[in-house]
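Asks: A single structure is presented below for examination.
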């Protein structure tokens, strides 16, 4: 069985079973929350979030990497030992929720521009280009909505970022992150850089002209669209955050796709680098 086939099989391991093996205990008041040595983790289906570290992921491989500080190969080996093929039944395909994009509200564009240009220091020309193309818009709550597009250009999801003083981020209901992504590119590109978020992708392009910057909508080592992106003759870099999760996910991506190289931000992420340039 190939590494990819093993990974596909192991992703179906219930997250609750992985947590139990790592010694986690379920919260008595909230059955979706688990107390682990890494912090409080919430589980919703195949997705999890560590509230203490403000990071999350999807599937048993991501969770094993997070709990054990393992690389991708290490997580595969650990799961294979604890969940051999005979222990896993063929999972039934879960029904897909329809994509529900936030409603556009042009009246809130001024608030969106203020947040992205003045607070996050993103170049105004890049923001105006995205707005003109329709891949960035404001919703009725003045949230910034970055569209994920499939290869043919159809929207398959959206990253949503709050623009108020309270930090907030999320995905539009029904988003299909493995079918498309948010991206932007210079007129001429010499390299491809993968980032953890849409705001980081815009920041990265401002810092690295002549690139195509792509958001993976979270630190994920193997989105299904990545192999097709790797067919390009341009070098591909993993620009995930300079933190334990970003480093672990970058190692996992490089282990699965040796063509990918690491490009680590000098600060935590590309937006931090853009806001606080070295003199």
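Asks: From the list 4, 9, 53, 28, which one is surrounded by 16 or more Cβ atoms within 10 Å (Cβ to Cβ) and not in a strand (DSSP E or B)?
Replies: That would be 9, the only listed residue that is surrounded by 16 or more Cβ atoms within 10 Å (Cβ to Cβ) and not in a strand (DSSP E or B).
Asks: Mind checking which residues of the stretch 1-27 are over 26 Å from residue 222 (Cβ atoms) and at pLDDT 80 or above?
Replies: Scanning the stretch 1-27 gives 25, 26, 27.
Asks: Tell me the strands (runs of 3 or more DSSP E) entirely within the stretch 115-215 that contain at least 1 residues that are farther than 19 Å from residue 102 by Cβ and in contact (Cβ under 8 Å) with a residue 40 or more places away in the chain.
Replies: Ranges flagged: 182-185, 191-195.
Asks: Moving on to the next point. What number goes with the only condition from (1) closer than 23 Å to residue 267 by Cα; (2) part of a helix (DSSP H, G or I) that residue 228 does not pass?
Replies: For residue 228, the failing item is (1).
Asks: If a residue must be within 18 Å of residue 197 (Cα to Cα), surrounded by fewer than 18 Cβ atoms within 10 Å (Cβ to Cβ) and either touching a strand residue (DSSP E or B) at 6+ places or on another chain (Cβ under 7 Å) or in contact (Cβ under 8 Å) with a residue 60 or more places away in the chain (or both), how many such residues does the stretch 244-279 contain?
Replies: Selection size over the stretch 244-279: 3.
Asks: Would you point out which residue out of 61, 41 is in contact with a strand residue (DSSP E or B) (Cβ under 9 Å, 6 or more places away or on another chain), modelled with pLDDT of 90 or more, outside the structural domain of residue 197 (by TED's automatic domain parsing) and buried (at least 17 other Cβ atoms within 10 Å of the Cβ)?
Replies: Just one listed residue meets the conditions, 41.
The values are calculated or read from the model by the stated rules, or taken from the named source; none is laboratory data. Computed from a predicted model, the values in this text were never measured in an experiment. Here Cβ is always computed from backbone atoms with ideal geometry, including for glycine, and neighbour counts include all displayed protein chains.
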